[in-house]
1. In segment 176-197, is there at least one residue being of a type in the set (F, W, Y), exposed (fewer than 14 other Cβ atoms within 10 Å of the Cβ) and assigned to a loop (DSSP other than H, G, I, E, B)?
2. With loosely packed, with under 14 Cβ neighbours inside 10 Å and modelled with pLDDT of 95 or more as the only criterion, which of D151, D120, D202 stands out?
3. Are any of the residues in segment 52-66 part of a loop (DSSP other than H, G, I, E, B), of a type in the set (D, E, K, R) and at pLDDT below 95?
4. Considering A67, A12, A77, A50, which residue is without any contact (Cβ under 8 Å) to a residue 24 or more places away in the chain and either hydrophobic (A, V, I, L, M, F, W, C) or surrounded by 15 or more Cβ atoms within 10 Å (Cβ to Cβ) (or both)?
5. Looking only at residues in segment 154-166 that are in contact with a strand residue (DSSP E or B) (Cβ under 8 Å, 6 or more places away or on another chain) and modelled with pLDDT under 80, which one is nearest to S122 (Cα to Cα)?
6. Please list, ordered by residue number, the helices (runs of 4 or more DSSP H) wholly in segment 93-172 having 2 or more residues that are of a type outside the set (V, I, T) and within 16 Å of A224 (Cα to Cα).
Amino acid sequence: MTVVTVNYNAGAILTEAAKAALGSTAPVRMVVADNASRDGSLARLRAEFAGDPRLRVVESGRNLGFACGNNRALAWADGEYILLLNPDCVVGPQTIERVLAEMERHPEAGMAGCLIRNPDGSEQAGARRAVPTPWRAVVRTLGLHRWFPDDPRFDDFVLTRQPLPTRTVEVEAISGAFMFIRRRALDQVGLLDEGYFLHCEDLDLCMRFRESGWKILFLPHAEAVHVKGACGLDRPVRVAWHKHRGMVRFYNKFFRRKYSPLLFWAVVAGVWLRFCVDVGVVLLRPRRARG
């Protein structure tokens with residue numbers, strides 16, 4: 001199987017993530033697609049794995065984005081399974097082996113995710129989630145999930161408030177930081193949508209897998225640590241732009257015809273309002289620091 005990673009200025013953690021993946025109890029190859037990094041992360045990686053045939057680096061010459069970078073690297077991937085792994089996501093020694101074994105037991109599953117933890121050990125919100133439909137976005141924004149915790153009509157799409165399952169379960173979506181994919185399913189469904197530059201392409205892929213009849217699994221007994229955001233710490237406004245633009249594309253693609261125009265466009269307006277708030281927080285932060 002092949003681990004595919006897209007790097008853009010991830011720093012030293014790229015090498016740490018590669019060492020963890022290639023040091024797994026399951027034999028793997030790794031393809032790193034580099035989007036014109038300028039921080040020395042690629043040179044550090046090459047120095048660590050000089051002459052190691054298990055690692056291939058594909059350089060794009062420019063920042064192609066997450067989806068396009070993955071798609072370019074996938075051309076070099078082989079094996080029945082592919083793991084899309086963020087450059088700042090460090091897997092446990094047995095994580096890949098455990099997920100692979102579970103996929104073998106569930107031929108109806110097209111992809112699987114593991115328990116992703118934050119550096120402090122807490123569960124990361126995107127590891128297991130429901131699809132953030134426009135209605136669920138309204139529920140979360142208005143806090144209705146807190147007012148009606150036992151009413152399924154007001155369920156939140158963030159599942160970390162629910163108890164961690166004790167066994168493998170089916171979920172609607174997993175995190176793009178760790179997506180263990182059956183190659184046959186990907187060939188049927190298609191590659192990542194390059195209309196997304198950064199963020200939401202993982203949700204898009206999960207939607208298309210489920211629409212094509214493939215199940216998505218979440219394994220609580222396989223773990224990884226995701227530092228989250230290592231590739232975008234120096235460009236928070238640009239990252240926020242692509243995140244909110246991606247969400248609008250996601251809503252347009254899958255839900256525009258399923259919701260009333262009033263609700264749909266209200267949600268889209270809410271997305272851009274949230275973008276303005278997030279950018280305002282980013283721009284005000286230096287002033288507070290100086291003060």
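The values are calculated or read from the model by the stated rules, or taken from the named source; none is laboratory data. Quantities reported herein were computed from a predicted structural model and do not represent experimental measurements. A quick note on method: Cβ atoms are made from the backbone with ideal geometry, for glycine too, and the neighbour counts reach across all protein chains shown.
1. In the first step, residues of segment 176-197 are kept if they are of a type in the set (F, W, Y); the result is 178, 180, 196-197.
Still in the running and exposed (fewer than 14 other Cβ atoms within 10 Å of the Cβ): none.
No, segment 176-197 contains no residue that is of a type in the set (F, W, Y), exposed (fewer than 14 other Cβ atoms within 10 Å of the Cβ) and assigned to a loop (DSSP other than H, G, I, E, B).
2. D120 is the lone residue from the list that is loosely packed, with under 14 Cβ neighbours inside 10 Å and modelled with pLDDT of 95 or more.
3. Initial filter on segment 52-66 (part of a loop (DSSP other than H, G, I, E, B)): 52-54, 60-65.
Subsequent filtering for residues that are of a type in the set (D, E, K, R) retains 52, 54, 62.
Then keep just the ones that are at pLDDT below 95; that gives 62.
For segment 52-66, residues part of a loop (DSSP other than H, G, I, E, B), of a type in the set (D, E, K, R) and at pLDDT below 95: present.
4. Values: A67 fails: without any contact (Cβ under 8 Å) to a residue 24 or more places away in the chain; A12 fails: without any contact (Cβ under 8 Å) to a residue 24 or more places away in the chain; A77 fails: without any contact (Cβ under 8 Å) to a residue 24 or more places away in the chain.
Result of the check over A67, A12, A77, A50: A50.
5. Going residue by residue through segment 154-166, those that are in contact with a strand residue (DSSP E or B) (Cβ under 8 Å, 6 or more places away or on another chain) are 157-160, 164-166.
Adding the requirement that they be modelled with pLDDT under 80 leaves 157-158.
On the way: F157: 18, V158: 14 Å.
Per the stated criteria, the residue is V158.
6. Details: elements: 95-105, 134-142, 144-147.
Answer list for segment 93-172: 95-105.
Residue by residue, here is whether (1) assigned by TED's automatic domain parsing to the domain that holds A12; (2) in contact with a Gly (Cβ under 9 Å, 6 or more places away or on another chain); (3) modelled with pLDDT of 85 or more; (4) under 23 Å from A125 (Cα atoms) holds:
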{"position": "H221", "(1), (2), (3), (4)": "yes, no, yes, yes"}
{"position": "V248", "(1), (2), (3), (4)": "no, no, yes, yes"}
{"position": "F254", "(1), (2), (3), (4)": "no, no, yes, yes"}
{"position": "P261", "(1), (2), (3), (4)": "no, no, yes, no"}
{"position": "V268", "(1), (2), (3), (4)": "no, no, yes, yes"}
{"position": "V271", "(1), (2), (3), (4)": "no, no, yes, yes"}
{"position": "C276", "(1), (2), (3), (4)": "no, no, yes, yes"}
{"position": "V281", "(1), (2), (3), (4)": "no, no, no, yes"}
